[in-house]
1. Condition check: at positive phi and either more than 7 Å from chain B (Cβ to nearest Cβ) or in contact (Cβ under 8 Å) with a residue 60 or more places away in the chain (or both). Does residue A:274 satisfy that?
2. Take region B:153-190 and flag every residue that is within 16 Å of the chain's Cα centre (by Cα), within 11 Å of chain A (Cβ to nearest Cβ) and outside any helix (DSSP H, G or I).
3. Could you list, in sequence order, all residues of region A:224-238 that are surrounded by fewer than 17 Cβ atoms within 10 Å (Cβ to Cβ) and more than 7 Å from chain B (Cβ to nearest Cβ)?
4. Go through (1) buried (at least 22 other Cβ atoms within 10 Å of the Cβ); (2) of a type in the set (Val, Ile, Thr); (3) out of contact with any helix residue (DSSP H, G or I) (no Cβ under 7 Å at 6 or more places or on another chain) one by one and return the number of the condition residue B:174 breaks.
5. Among the residues of region A:180-214, count how many are part of a helix (DSSP H, G or I), buried (at least 23 other Cβ atoms within 10 Å of the Cβ) and of a type in the set (A, V, I, L, M).
6. Kindly list, by first and then second residue, each pair from a residue in region B:73-86 that is at pLDDT 95 or above to a residue that is exposed (fewer than 14 other Cβ atoms within 10 Å of the Cβ), limited to pairs with Cβ atoms under 6 Å and residues at least 6 apart or on different chains.
7. Before we move on, is residue A:268 facing chain B (nearest Cβ under 7 Å), surrounded by fewer than 20 Cβ atoms within 10 Å (Cβ to Cβ) and touching a Lys or Arg at 6+ places or on another chain (Cβ under 9 Å)?
8. Kindly list the number of the only condition in (1) within 21 Å of the chain's Cα centre (by Cα); (2) away from chain B (no Cβ under 14 Å); (3) part of a loop (DSSP other than H, G, I, E, B) that fails for residue A:161.
Amino acid sequence: MTNPIKDIEKARVILITGSNTTENHPVLSSYVKRAVTRYGAKLIVADPRKIRIVRFADIWLRQNLGTDVAWINGMMHVIIREGLYDEEYVNTRTVGLEDLKKTVEKYTPEYVEKITGIPADQLTEAARMYAGAEAASILYAMGITQHISGTDNVKSLANLAMLCGNVGVEGGGVNPLRGQNNVQGACDMGGLPNVYTGYQKVDDLAANTRMAKAWGVKDLPGKPGLTATEMIQKAHEGELKALYIIGENPMVSDPDLNHAEKSLRNLEFLVVQDIFLTETAREADVVLPSVSYAEKDGTFTNTERKVQRVRKALDPPGEARQDWRIIAEISTRMGYAMEYESPEAVMEEIAELTPSYCGIHYDRLETDGIHWPCTGSDHPGTPCLHMDRFTCGLGVFHAIEYREPDELPDGEYPLFLTTGRVMYQYHTGTMTMKSDGLNELAPRCFLEISPQDASRYRLEDGDRVKVASRRGEIEVRAKISEKAVEGTVFLPFHYAAAAANRLTNAALDPTAKIPEYKVCAVRIEKG
Amino acid sequence: MDANQFIVMNGKELVFEPGETILDVARRNGIDIPTLCYLKGASPTGACRICLVEVEGARNLVASCATPAAANMVVRTESPRIREARRLNLELLLASGRHNCLVQEMDLESWADFQLKAMKGQDGGELCPAYGECRLQELAVKYQARPKGLPPTDTVYPVEDVNPFIVRDFSRCILCGRCVQACNEIQVNNAISYGYRGAQSKIVAKGDLPLVNSDCVFCGECVQACPVGALVPKADYGTGRLPLEARKVRTTCPYCGVGCQIRLHVDDGKIVRVTGVQEVGPNYGSLCVKGRFGHDFVNHPDRLKKPLIKDGDRFREATWDEALDLVARRLGEIKEQAGPDALGLFTSARITNEENYLAQKFARAVLGTNNVDHCARL
């Protein structure tokens, strides 16, 4: 997030898109709800489902799946045409407006309506509402990113925010809501194929040399590596021969599971380090038992870039070991001695090598966390990014054209399928499905379907229904719901027994390599 | 610029901002006014009348949580009259339901003494699940409230426990309204409200239905807000365990990216309860259903306890040395034969920063590949 969570209450307009906020970020959603009910903010929700937060919205824009670039361009078209944009901000802090103007020119509300299904006057109203606010905040999540146009979608939201001078102001910003406790931290720490800690590029010679020196090795690979989805593909092709998986469950979370399954089985050697024998661990040659968050010391970095302490409350069960110790022991056995006293000692090394974490030390995190960038031991941290200028100088507008999703409904597979989470379960269920209480409230997979589609397929609530795509088939119970809009069905992806990802499309965004989980075509049949 | 505005509290001149209540000014200046129904972050209700103070010129005592500070107001926060009024209000609350927590008979001066005694165990009788951490009990000890002269109220409600997480026992409810405020003003889930009138007053969910049939999403904000034993986590109900026996460890929630600050209440090597940390963001005490009630996995019997090595198509248990040697040897061999880029590592959004750092360092410096990624995209 460019802005801290607290800032949401300072926004005059909030635009939520591709985030089922009340179910996936419930505590953050209460900031939105309070902004509306207590502080009088306006709320625009753009989402293909009539999710719960829509109850608090002034405008609900219902777009067809995968048409986000179109409606965002449409909003900018209206804002530019009516002169509602922040001219001073655009002139002093950005470049590239002319190209953007040219591109969005054809995205009239009427043209956009044809693509997205959003009524032209609604789009115009939303554009005026967003542009009219002194400070407007954009919140988004995987509903924006998990598309072949995911990168384009994010850039489009950034365009919209910059156009109205909403980046670098309190109560504004472009704010991705991270879905996992430490996904921000994993990225910050260089758990990515192209960067070291703090996003220092592996193919930047200076960074590469500095790291090699710090780590005491002759050289480091200088070419970016493969993403997770690419590694699975290379395993399938036999080029990737060994995989070491820590705390992940691609056998449920990967798109096109049938393919992922074959790929993992094709490996010569698979090590899985986890707290449970997950679907993925079952495929392993060696399983290493590690410890849960409650049994370890360390830090997580949350979605607002705040580094916060994790503290050991319990002893690990049996012989389970700390993840950092396991990694260090394998490393030492492979001839590279890794010796650390404690996680705190590791953080000291991180601070030394990472400008944005330079001032992060455990003694400063005792009572409250610190937002990075924190560039020195007396630096207070940075809750709000890009305040006086963009980190990289001027903000660049990217002129972006709408592209269709990779797969659209047709005669054979006539319905849109989208996927997501439910409040009472979490990701692949490794943690939540160990709770009887949560299982009682969300016991099994279901197909959320609109009353109109249900009657077309003669489905009653609770009926068995087969859902098939070009990649696979699962059987679930129908759940007739007003959340669903005619022509689009929804599946939660938590359940291995009826895995939504047997159906989803593995087509990737060319830049981010993110799969298009949010759109594919299916057919359904009463089971 | 306007001159600062003052009120006089206990003889001291204190600056106040427009909109601040007497209680706000007192708290900001470290003056203790006891409260019971007051819930930080929600609008004051003035329901319990424990935070009463004297205001010069006012005929009656006023509720400091609901009275705005005004220029030159003269306030006293402690006096025999105030103590007496607070004591009487506490006695009325104690008599209003099932509050048989021995406060009435015990002759103790301080809350700490009382908690120490509570830790030593009780002789018989049913124990209130909030015993020793009950705000009403604490105030009753402090103000020596003993509702001897008042007849106990005989409305007894059956305990509602037909949901997995929250037990509601209205016979212990004092109608302070904190749960209603927490649900409607803090979480804005709008699942509960006041129902009925007069002596029949009760907190209700959707026309007085069980929570499981209402709009409740089991965030448990109401449980944390409840100052007595009327709303209790089900896992902690009927265990006979006293809440104050648990050790509390502050940490960060392991679920979504919001990073709520939580306290794990640990007893006998198990997480017995989870509460939100009130003092700091991002959550200021709030949690969701998973963050408050979804920690069973930690103590689950299926947790992996020993390294496993696959023999044929079955796993066998192994020692750490054997497993680590095997991993190091196989990774080394494959690197030797097929080159470093035939290896890959998935690090994790579940593990800590420190562990992620070491994982990518291991991939790059030891395996010699940049094939390192995690599920940010999945």
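1. no
2. Residues satisfying the conditions are B:165, B:166, B:187.
3. The answer is A:237, A:238.
4. The number of the failed condition is (3).
5. Of the residues in that region, 2 qualify.
6. That search, which allows pairs on different chains as well, returns B:74/B:56.
7. In short, yes.
8. Going through (1) within 21 Å of the chain's Cα centre (by Cα); (2) away from chain B (no Cβ under 14 Å); (3) part of a loop (DSSP other than H, G, I, E, B) one by one, residue A:161 breaks only (3).
The values are calculated or read from the model by the stated rules, or taken from the named source; none is laboratory data. In this text the structure is predicted, and so the values were computed from the model without any measurement. We place every Cβ from the backbone using ideal geometry, glycine too, and count neighbours over all the protein chains shown.
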